[in-house]
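Structure first, commentary second.
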Amino acid sequence: MKRALVAALILALGVLAAALPTPEPAPEPLAGLIIDRPGIDSPVDASIWYCPWAQANAGRDSFFGVASIADADAEFTFPVAIPGEPPDEASTETLGPGASILTLSDIAQRGDSPGFVEFSDGPAAAGVTVIGEVLTADTCVSQGPDEWFFAGGSTLSGERMTLRLFNPFPETAKVTVTGFSEIGVEALGELRSVSINSRSWRDIDFEEMLRQRQALVISVRVDEGLVVPAMSYSQDDDEAWWIGSGLSSEWEFPIVRTNGLETGTVVVGNPNLTEVTVTVDLYTSEGPERSAFEFNLAPETPLRIDLGSVSGGAVGVRISATAQVAAGVVASGEAGTAVTGGAEAPARVWLLPGLRSVGLNQATLWLLNSGFEQISVTVSELTGAAAVNSQVLVEPGTQVAVPISEPDALGVLLESNDPFTAAWSVEGPSGVAYSAGLAVIDE
Amino acid sequence: MLNLMSIDPTTTTERLGPPGVAAVVSAGDPGPLRRCLEAIGSQVYGVAKVLVVGGGDEIRHIAGEFDAAWRPNLRAAVSSIGPEFMFVWALRERAIPDPQALRVLVQDTQRVGAAIAGSKIVDADRPELLLSVGYATDAFAAPYRGLLPEEVDQQQYDVIRDVAAISGVSVLIRRDLYLGLGGIDRSMAPTSAAIDFCQRARLRGARVVVIPGSVVGYDGDERPSDWRERAGEVRAMIKAYSPLTLLWTLPLAFLIGLVEGVGRIPFGRFPLPGVIAAWLWNIPRLPTALRQRRQARRGREVGDEELFRYQVAGSARLRLLWDDAMLRIRDRFSEGVLSGFADAVEAGQQRIQRPAFFVGSLIVLFAFVATREVWTEHLPLVGFSLPPAESAIDTLESYAGGWNPAGLGSPEVLRPAVAGVALLQLVTFGSGGLAVAIITVASFLGGAFGVGRLLRIWGIRSVAGHFAGSVLMAGPAVIAATSGTHWSILPAMGALPWAVRSVLGSRPPARTDRMATFAGAVIATGLVAVFVPAALLVPLVAVTAWAVLGLGNRWIAVGRMALVTLVSLPLLMPWILYVDPLDLVRSGVPAYWEPAWPAIVAVAAAAFGSILGGDRTIATVGGWGALMAVVGAVLARTGDFGMGEELMLAALLLNGLGVAVAVGAALEAMARRRETSGWRSLAALAGGLGAVALVVGTFALAGPGRAGLPGDTLTGTFAFAAPPGAEPSRVLLFGDASTLPGTSREIDGLGYRVFVPPYPTSAEAFLTEERLGDEVLHSLLEDLIDGRSRRAGAALAEFGIGWVAFTEPSPLEALFESQLDLVTLRSLDFPVFRNEAAAPIARSSDGVVWLAEGAGYSAPVGGSTGDVFVAANADFRWGPGKWSQSDWGNLISTTRSEIRFSAYGPRRLAAFGALIWFLGLGVAFFAPRLRGSRP
């Protein structure tokens, strides 16, 4: 009897053990978490700006303009392309809002010195202006696409295009460079899986590789690691550097042509495999000429729109397309050569670091209101210690030039209740430069 | 020519040669002294002077009766022996020399030119039995008598021979040599003292011989098995050997002691405490040993090689162990069918009537084979199977209120297992690997034989018991735990049957033995809890289960076990004072044990077979085992109710014991099935088959030789992060929790932890409660995942993290690949990133890296200036100097060259209390055994 009871007890407990439910399985690690392969993006309040074209030698110098809406420290790093060699470093600080500059030759004077700037707070932005033998400027970049496009530039006689691939990261990177021009897709097989050593850069000259191209669209696709590309276009004695961009179906260029630059060209590239219809709106201080041009752009073809024949002085442009396209502005004339990218969309706040008039170099701020309402823009010229504010009204569909006269200005902050687009230019004895503004994205 | 007279007036004197002899009798027991003095008085070679040394008034009185002088100590005795004496005849009080003994000794000593001569020692009551004809020794000064037990004197050794040493029962020594060597070392036990004296004499070029013609009876046993003899052997080596010889003999002697300590366990003897006591005995006596060593070696005429001439190869003690084993083989064969193991092998076809010894041998072999990687190499480093820290002292300091080094550190108390291993590590000259190997092998043996002893209570024979023991140590429960890298279950499992047996076994009649049994139960229960803390109550549950189902007056055992459990609690101090029991049983991954179906079927067959097919006792035992097994299984699957891995380990212990008991009962039931018939016999057969299946299944554990633990994943894996000569930075390791060493934290379900390379030690296995630094690190990782950092290296360097690694590919790698200051190491088999930012764990404000030293840090040569930042969770006990919290870490302003964590006093006291309690229990347990082993 006792045996039976014990056996029954054991059996009952065994059944109980078997019946006990399985615990909830632990969720898969990182389940639901989307971890994109990070690009060069950095957070707004701790942004890193990469400036591939800074240079300082006997004939040239660069100054880094930094501007920040919040109090921030800016740490500069200039890698030395010799393995094991420590980078050159410097720092400055800005009051919020405020701006500051750093002259490269004070830190390193060894020719090309691509570098990057790290801000301790933000929103903040950085730009580089090269002065001396040439005058060129553009904003640095803190975020970018997986595939960069450079629309603009040509390799006709006396012109030179050089792609700089800057790898500020400790990993060797690999990129594939492709391009198309008015003659079709270019054969650039040797530029497949181009490796760029860590904390180094590499220049690719298209002068020999792609001779006599009038409208080139170059793309850089990152295969491994991270790379920040920039393009240099030189014509006669002047040189222009600009940063690459992604694709967009809309582009705004507050400045395409100014006085002294006879030719102002918008280059649109269609990297798609389908035809794209491109509409061009023109804006002058007098008013808009909407849908001034309309083109059908064949697949993998660039379009060079020369605005030299457009009457009036300065011209701004808005491009809209039925698919995403690449676009850029190339302007040249007696004053020099200027190239820059556009803004994908208007914004309410803009930072324009390094925008200043110094010596014989005269800077101009360009505002474009492509909308249908008048807007009021607060222009804050940022000095090291304060902001000098002024109000500018921009009529609908017009472009406004604002000369920078404040001698201590080191950058500009623009704010408005309505979206608009901003860019700036600087003209001096050694050339002319266009620089896109940096839209501050609402958080 | 002198006319020497015997002190016995009835004895006729004869004219002999001139040497004068003074007899010196060492006495402590008055009983046999009278007989000894009478025998001296009966010598045909008259003794001119008799001195009795030592003892009290009674001995003095007896000496007076025989006209012998009495001296309180040997020095006084020797000083009273004048130059007119050529020889000193040293005797022990139990010596009964034959009337011719001294004459032969003196004559032959002079004839062969010896300086020391010993007599042949025979049993006083049975003179045909040989006790000693001189000793060979081994290199470790242990005697090797070369005699079989009860070997009969057939004059087979009657030749004057040079020997390593002679018995101290009767020794003739040249007086000048005696004085020159400072006499016999009285602090040593007799045999080792004789060996020591002979070795010192031999160093002076003296000849040591045994003269079998001189026969001396001995009233007692001459077995040198006392731990004091072992202590004396160590002292003898220290005094005689050159430093070079000592360099290898001392460590080897200790290792031999340990091997003997483990090897005698199957024979029911526990010499390990004696081994340890012998070495401890020598520590305070080292100054005198060194003093006497100077005296012994000054003016020596020969080197160590002269001592080696009369030594046997190998270890005399291990040879004795082997001899004992062989004797046991003979004992196990009744009716003289077989005379020994060798005969059994040769005879082959003869029937082995009592195979228990062979099964036991098989179990021993199995234990060594199943753990061979642990003792030939090291513990596989994987998961919770981690090696002890290099310094046992530092570990013990950490345990006793010091700094817990796990992760970013904490003042939380370490687990008691860490201290347990460290204590043994101290004994093994700091070798953590050896300590772990000893624990592992001893656990296997202890557990396997413990079950045998436990089941013997109910008449279950050794064969069934030993096989059941193998199931305990290599059955489904242990495989489940060890495959989960829980090495610590092995010592807990090894101790568990002893804890239960101590309470359920019959109570010894003697009070001291009862105390020893109780102390043994407390120690065994404490060991279970030390290594698996949640299993503290498992022995009590096991005994209670017996009380529920068992036979006879068993409820009192529950009370005893409860008392034992209560009394074992102090062994867990200070850890026990701070642990939250509920947190403990809930910690770790959810408990859910899924044994293999064949194992379930086999266990069920064994359990039900023993219940249904065994006799009343066997059925009850089988039922008890089955109850423990199913209760353990139920508890091991309660993960859905919040129970964790710790409870599962405890449950597996209970299940393991239950299955082993059921297997033992089933095997016994099968063996007795002829006593039953019908369905019961069939049930017993089925149960036996199930048990056999489980026993056979244990061989699966022996294959890899890692005691069931998975393969090593950490040895050498992170060696790149700890290059020689460089101060290592921490490694931040990501991966599935099951692939990380020890416990880990989680971020979005992915496990991670930090450790100091090359691998975390057992003290770092269990991460403590999250503190500020851990939270900040977690936030940093969240920022990284949010893409808010491109300088992860600099941020991680604040935590002393110099490396980021993944145990397996993870999408998270992309975050680290895009950092400005982390470099991917492509040459490794797994993803690793090197931090370019310097990441010292302790650094001064002038940038100098401080060096890790135990749980603290010291300034490098050349020193440093300024405050020192220690990248560990902030705690005010870091010092010396002014401490302040810097963010989440410690900033110490000090002028000293070292930084330490000041121990928390009460915890340290508690830890010392635990140690004293453990030693006290050890004394209570071993005292009767030590007393019993004296000659």
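Wholly within the stretch A:1-94, which strands (runs of 3 or more DSSP E) include no fewer than the required count, namely at least 3 residues that are of a type outside the set (A, V, I, L, M), buried (at least 22 other Cβ atoms within 10 Å of the Cβ) and more than 14 Å from chain B (Cβ to nearest Cβ)? Walk me through how you get there before you give the answer.
Details: elements: A:48-51, A:60-68, A:72-78, A:88-94.
Where strands (runs of 3 or more DSSP E) fall fully within the stretch A:1-94 and carry at least 3 residues being of a type outside the set (A, V, I, L, M), buried (at least 22 other Cβ atoms within 10 Å of the Cβ) and more than 14 Å from chain B (Cβ to nearest Cβ), they are A:60-68.
Could you tell me which residue of the stretch B:804-836 is surrounded by the fewest Cβ atoms within 10 Å (Cβ to Cβ), considering only residues that are more than 14 Å from every other protein chain (Cβ to nearest Cβ) and under 12 Å from B:PHE734 (Cα atoms)?
B:PHE830
Where in the stretch B:697-794 are there strands (runs of 3 or more DSSP E), lying wholly inside it, with at least 2 residues that are more than 14 Å from chain A (Cβ to nearest Cβ), within 25 Å of B:TYR857 (Cα to Cα) and at pLDDT 90 or above? Walk me through it before giving the result.
Details: elements: B:730-735, B:745-747, B:750-755.
Output list reads B:730-735, B:750-755.
For B:GLY656, state whether it is among the small types (Gly, Ala, Ser), more than 10 Å from chain A (Cβ to nearest Cβ) and within 35 Å of the chain's Cα centre (by Cα). Step through it out loud before you land on a result.
On the way: among the small types (Gly, Ala, Ser): yes; more than 10 Å from chain A (Cβ to nearest Cβ): yes; within 35 Å of the chain's Cα centre (by Cα): yes.
Yes; evaluated as a whole, the condition is true for this residue.
Can you go through B:THR485, B:THR440 and tell me which one is of a type outside the set (A, V, I, L, M, F, W, C), in contact with a strand residue (DSSP E or B) (Cβ under 6 Å, 6 or more places away or on another chain) and under 26 Å from B:GLY705 (Cβ atoms)? Walk me through how you get there before you give the answer.
Numbers: B:THR440 fails: in contact with a strand residue (DSSP E or B) (Cβ under 6 Å, 6 or more places away or on another chain).
Step by step, each of B:THR485, B:THR440 is checked, and only B:THR485 is of a type outside the set (A, V, I, L, M, F, W, C), in contact with a strand residue (DSSP E or B) (Cβ under 6 Å, 6 or more places away or on another chain) and under 26 Å from B:GLY705 (Cβ atoms).
Can you tell me which residue within the stretch B:239-248, out of those that are at pLDDT 80 or above and surrounded by fewer than 21 Cβ atoms within 10 Å (Cβ to Cβ), is nearest to B:ASN282 (Cα to Cα)?
B:LEU246
I need the full set of residues from the stretch B:837-849 which are part of a loop (DSSP other than H, G, I, E, B), away from every other protein chain (no Cβ under 14 Å) and of a type outside the set (Val, Ile, Thr), in order please.
Here is the first cut: in the stretch B:837-849, the residues part of a loop (DSSP other than H, G, I, E, B) are B:837-841, B:845-848.
Now drop any that are not away from every other protein chain (no Cβ under 14 Å), which leaves B:839-841, B:845-848.
Within the stretch B:837-849, B:ALA839, B:PRO840, B:SER845, B:ASP846, B:GLY847 meet the criteria.
Is it the case that B:ALA691 is away from every other protein chain (no Cβ under 11 Å), over 31 Å from the mean Cα position of the chain (by Cα) and of a type in the set (A, V, I, L, M, F, W, C)?
In short, yes.
Given the residues A:ALA240, A:ALA323, which is the only one that is of a type in the set (Gly, Ala, Ser), more than 23 Å from A:GLY437 (Cα to Cα) and either more than 18 Å from the chain's Cα centre (by Cα) or not in a loop (DSSP other than H, G, I, E, B) (or both)?
Values: A:ALA240 fails: more than 23 Å from A:GLY437 (Cα to Cα).
The unique qualifying residue is A:ALA323.
On the given criteria, is A:PRO271 over 21 Å from A:ASN361 (Cβ atoms) and out of contact with any helix residue (DSSP H, G or I) (no Cβ under 9 Å at 6 or more places or on another chain)?
Details: over 21 Å from A:ASN361 (Cβ atoms): yes; out of contact with any helix residue (DSSP H, G or I) (no Cβ under 9 Å at 6 or more places or on another chain): yes.
Taking the combined requirement at face value, the residue satisfies it.
Could you tell me how many of the residues in the stretch B:492-516 are within 24 Å of the chain's Cα centre (by Cα) and either touching a residue at least 60 places away in the same chain (Cβ under 8 Å) or assigned to a loop (DSSP other than H, G, I, E, B) (or both)?
First, pick out the residues of the stretch B:492-516 that are within 24 Å of the chain's Cα centre (by Cα): B:492-503, B:512-516.
Now restrict to residues that are either touching a residue at least 60 places away in the same chain (Cβ under 8 Å) or assigned to a loop (DSSP other than H, G, I, E, B) (or both): B:492-493, B:496-497, B:499-500, B:502-503, B:512-513, B:515-516.
Of the residues in the stretch B:492-516, 12 are within 24 Å of the chain's Cα centre (by Cα) and either touching a residue at least 60 places away in the same chain (Cβ under 8 Å) or assigned to a loop (DSSP other than H, G, I, E, B) (or both).
Would you confirm whether or not the stretch B:891-902 contains a residue that is within 14 Å of chain A (Cβ to nearest Cβ), among the basic types (Lys, Arg) and in contact with a Gly (Cβ under 8 Å, 6 or more places away or on another chain)? Steps first, answer last, please.
So in the stretch B:891-902, the residues within 14 Å of chain A (Cβ to nearest Cβ) come out as none.
No.
Only residues in the stretch A:417-431 that are in contact (Cβ under 8 Å) with a residue 40 or more places away in the chain count as the first member; pair them with residues that are among the basic types (Lys, Arg), Cβ under 8 angstrom, at least 6 apart or cross-chain, and list the lot.
A:ASN417/A:ARG348; A:ASP418/A:ARG348; A:PRO419/A:ARG348; A:PHE420/A:ARG348
Of these, A:VAL267, A:VAL220, A:VAL227, which one is crowded, with 18+ Cβ neighbours inside 10 Å, modelled with pLDDT of 90 or more and within 14 Å of another protein chain (Cβ to nearest Cβ)?
Working: A:VAL267 fails: within 14 Å of another protein chain (Cβ to nearest Cβ); A:VAL220 fails: within 14 Å of another protein chain (Cβ to nearest Cβ).
Of A:VAL267, A:VAL220, A:VAL227, the one residue that is crowded, with 18+ Cβ neighbours inside 10 Å, modelled with pLDDT of 90 or more and within 14 Å of another protein chain (Cβ to nearest Cβ) is A:VAL227.
Residues that are crowded, with 23+ Cβ neighbours inside 10 Å: which strands (runs of 3 or more DSSP E) entirely in the stretch A:342-428 hold 3 or more of them? Explain how you work it out, then say what you get.
Working: elements: A:347-353, A:362-369, A:375-382, A:387-394, A:398-403, A:411-428.
Filter on the stretch A:342-428 gives A:347-353, A:362-369, A:375-382, A:411-428.
B:GLY552: on the phi > 0 side of the Ramachandran plot, free of Cβ contacts under 8 Å to residues at least 40 places away in the same chain and either away from chain A (no Cβ under 14 Å) or part of a loop (DSSP other than H, G, I, E, B) (or both), yes or no? First the steps, then the outcome.
Numbers: on the phi > 0 side of the Ramachandran plot: yes; free of Cβ contacts under 8 Å to residues at least 40 places away in the same chain: yes; either away from chain A (no Cβ under 14 Å) or part of a loop (DSSP other than H, G, I, E, B) (or both): yes.
Considered against the rule, which asks whether it is on the phi > 0 side of the Ramachandran plot, free of Cβ contacts under 8 Å to residues at least 40 places away in the same chain and either away from chain A (no Cβ under 14 Å) or part of a loop (DSSP other than H, G, I, E, B) (or both), B:GLY552 comes out as yes.
Please enumerate the residues belonging to the stretch A:172-199 that are among the charged types (D, E, K, R), outside any strand (DSSP E or B) and surrounded by fewer than 21 Cβ atoms within 10 Å (Cβ to Cβ). Don't jump to the end; show me each part of the working.
Of all residues in the stretch A:172-199, those among the charged types (D, E, K, R) come to A:174, A:182, A:186, A:190, A:192, A:199.
Those still in the list that are outside any strand (DSSP E or B) too: A:182, A:186, A:190, A:192, A:199.
Correct list: A:GLU182, A:GLU186, A:GLU190, A:ARG192.
Would you be able to say whether some residue in the stretch B:837-854 is over 13 Å from B:SER729 (Cβ atoms) and touching a helix residue (DSSP H, G or I) at 6+ places or on another chain (Cβ under 9 Å)? Before the answer, list the steps.
Step one: of the stretch B:837-854, the residues over 13 Å from B:SER729 (Cβ atoms) are B:844-848, B:853-854.
Filter once more, keeping what is touching a helix residue (DSSP H, G or I) at 6+ places or on another chain (Cβ under 9 Å): B:853-854.
For the stretch B:837-854, residues over 13 Å from B:SER729 (Cβ atoms) and touching a helix residue (DSSP H, G or I) at 6+ places or on another chain (Cβ under 9 Å): present.
Could you run through the stretch B:594-613 and say how many residues are more than 9 Å from chain A (Cβ to nearest Cβ) and either of a type in the set (Lys, Arg) or surrounded by 24 or more Cβ atoms within 10 Å (Cβ to Cβ) (or both)?
First pass over the stretch B:594-613, keeping only residues more than 9 Å from chain A (Cβ to nearest Cβ): B:595-599, B:601-603, B:605-606, B:609-610, B:613.
Then keep just the ones that are either of a type in the set (Lys, Arg) or surrounded by 24 or more Cβ atoms within 10 Å (Cβ to Cβ) (or both); that gives B:602-603, B:606, B:609-610, B:613.
So the answer is 6.
Among the residues of the stretch B:625-641, write down those that are farther than 12 Å from A:LEU13 by Cα, at the interface with chain A (Cβ under 9 Å from one of its Cβ atoms) and assigned to a helix (DSSP H, G or I).
If the condition is that a residue be farther than 12 Å from A:LEU13 by Cα, at the interface with chain A (Cβ under 9 Å from one of its Cβ atoms) and assigned to a helix (DSSP H, G or I), then B:GLY639, B:ASP640, B:PHE641 are the ones that fit.
Kindly indicate which of A:GLY152, A:GLY122, A:GLY115, A:GLY144 is small (Gly, Ala, Ser) and more than 14 Å from every other protein chain (Cβ to nearest Cβ). So that I can check it myself, show each step before the final result.
On the way: A:GLY122 fails: more than 14 Å from every other protein chain (Cβ to nearest Cβ); A:GLY115 fails: more than 14 Å from every other protein chain (Cβ to nearest Cβ); A:GLY144 fails: more than 14 Å from every other protein chain (Cβ to nearest Cβ).
Going through A:GLY152, A:GLY122, A:GLY115, A:GLY144 in turn, the sole match is A:GLY152.
Can you confirm whether the stretch B:84-91 contains a residue that is surrounded by fewer than 18 Cβ atoms within 10 Å (Cβ to Cβ) and at pLDDT below 85?
Checking the stretch B:84-91: at least one residue is surrounded by fewer than 18 Cβ atoms within 10 Å (Cβ to Cβ) and at pLDDT below 85.
Identify all residues within the stretch B:377-420 that are assigned to a helix (DSSP H, G or I) and either among the acidic types (Asp, Glu) or without any contact (Cβ under 8 Å) to a residue 40 or more places away in the chain (or both); write none if there are none. Can you show your working first?
From the stretch B:377-420, those assigned to a helix (DSSP H, G or I) are B:392-399, B:416-420; that's our starting set.
If the condition is that a residue be assigned to a helix (DSSP H, G or I) and either among the acidic types (Asp, Glu) or without any contact (Cβ under 8 Å) to a residue 40 or more places away in the chain (or both), then B:ASP394, B:GLU397 are the ones that fit.
What single numbered condition from (1) over 19 Å from A:VAL141 (Cα atoms); (2) at pLDDT 90 or above; (3) not in a loop (DSSP other than H, G, I, E, B) fails to hold for A:THR274?
With (1) over 19 Å from A:VAL141 (Cα atoms); (2) at pLDDT 90 or above; (3) not in a loop (DSSP other than H, G, I, E, B) applied to A:THR274, the lone miss is (3).
Just checking, does the stretch B:134-155 include any residue being within 21 Å of B:GLN100 (Cβ to Cβ), out of contact with any strand residue (DSSP E or B) (no Cβ under 6 Å at 6 or more places or on another chain) and outside any strand (DSSP E or B)? Outline the logic, then answer.
We begin by selecting, within the stretch B:134-155, every residue within 21 Å of B:GLN100 (Cβ to Cβ); these are B:134, B:152-155.
Next, only the ones that are out of contact with any strand residue (DSSP E or B) (no Cβ under 6 Å at 6 or more places or on another chain) stay: B:152, B:154-155.
Now restrict to residues that are outside any strand (DSSP E or B): B:154-155.
Yes.
In the stretch A:286-299, which residues are outside any strand (DSSP E or B) and in contact with a Gly (Cβ under 7 Å, 6 or more places away or on another chain)?
Taking the stretch A:286-299 as the starting set, the residues that turn out to be outside any strand (DSSP E or B) are A:286-287, A:298-299.
Within the stretch A:286-299, A:GLU286, A:GLY287 qualify.
The values are calculated or read from the model by the stated rules, or taken from the named source; none is laboratory data. Values in this document were obtained by computation on a predicted structure and should not be read as measured data. Every residue, glycine as well, gets a Cβ built from its backbone with ideal geometry; the counts of neighbours run over all protein chains shown.
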